[in-house]
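Worksheet: one structure, shown below.
The values are calculated or read from the model by the stated rules, or taken from the named source; none is laboratory data. Bear in mind the structure is a predicted one, so any value in this text is a computation, not a measurement. Note: ideal-geometry Cβ built from the backbone for every residue, glycine included; neighbour counts use all protein chains shown. These area figures cover heavy atoms from the full protein model, side chains too; ligands, DNA and RNA do not enter into them. Shrake-Rupley method; radii C 1.70, N 1.55, O 1.52, S 1.80 Å.
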Amino acid sequence: MGGRRRPLGTGGMATKLGAAKKACASGIATIIADGRRAGVLTAVLAGTSDVGTFFRPVADRLASRKQWIAYT
């Protein structure tokens, strides 16, 4: 996943997946959804199941120091 680079924009799928990985390792649930879709934020917050991709946080999140080492 991730695809090719495009001349416009800096946040491709690879960037989104990397951010989701960091968030989940920190114990934060993450959803990647299509921001161009009307009402997507409301649907995400309402827990609509057909919106985006949900990433579960890890049960044993990284300690602050290990997180700093891993992602800085």
What distance in nm lies between label points placed 7 Å from Cα along the C-beta direction at Thr15 and Ile28?
1.6
Accessible surface, the chain, averaged per residue in Å² (probe 1.4 Å)
84
Which angle between 0 and 90 degrees, to the nearest 10, do you get for helix 13-25 versus the longest principal axis of the chain when only C-alpha atoms count?
50
To the nearest 20 debye, what charge dipole does the chain have about its Cα centre, counting +1 at the Cβ of each Lys and Arg and -1 at the Cβ of each Asp and Glu?
340
Scattering curve values for the chain, log₁₀ I(q)/I(0), Debye with Cα scatterers, q = 0.26, 0.28 Å⁻¹
-1.14, -1.20
Inter-site label distance for Trp68 and Leu45 at 7 Å from Cα along Cβ, in nm
3.4
